[in-house]
């Protein structure tokens, strides 16, 4: 896992990106998700619940599980039938 984030978050291919351990990360994740859903036909169906879920998952990773100076991994996948939000923290004691 990268130690630092040198540039603002952007998708690193296949709708995946690293987010900093920051109070701003949930908002970044919401903006990334909203942009992705705007590009997908019918994506608006997932907007409200998706924004809530991505915010909660990233907030939990930032506040409770990611050590200082580490990053949070966000992966989004959407098609006409489903939205998948995956968040990984950098906690090593599992």
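In table form, for the structure just shown:
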| quantity | calculated |
| --- | --- |
| Pick from segment 42-52, criterion crowded, with 16+ Cβ neighbours inside 10 Å and in contact (Cβ under 8 Å) with a residue 24 or more places away in the chain, ranking: nearest to the chain's Cα centre (by Cα) | 50 |
| Count - residues of segment 30-49 that are at pLDDT 95 or above and outside any helix (DSSP H, G or I) | 0 |
| Residue within segment 68-78 that is loosely packed, with under 13 Cβ neighbours inside 10 Å and farther than 19 Å from residue 43 by Cβ present | yes |
| Members of segment 62-94 found to be out of contact with any helix residue (DSSP H, G or I) (no Cβ under 8 Å at 6 or more places or on another chain) and closer than 13 Å to residue 25 by Cα, listed by number | 63, 66, 70, 71, 73 |
| Considering residues of segment 11-29 that are over 19 Å from residue 66 (Cα atoms) and touching a helix residue (DSSP H, G or I) at 6+ places or on another chain (Cβ under 8 Å) only, the residue modelled with the highest pLDDT | 15 |
| Residue list for segment 50-86, filter: within 16 Å of residue 23 (Cβ to Cβ) and assigned to a helix (DSSP H, G or I) | 54, 55, 56, 57, 58, 59, 60, 61, 62, 63, 64, 65 |
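The values are calculated or read from the model by the stated rules, or taken from the named source; none is laboratory data. As the structure is a prediction and not an experimental result, all values here were calculated from the model. Positions of Cβ are generated from backbone atoms using ideal geometry, with glycine treated the same way; all protein chains shown enter the neighbour counts.
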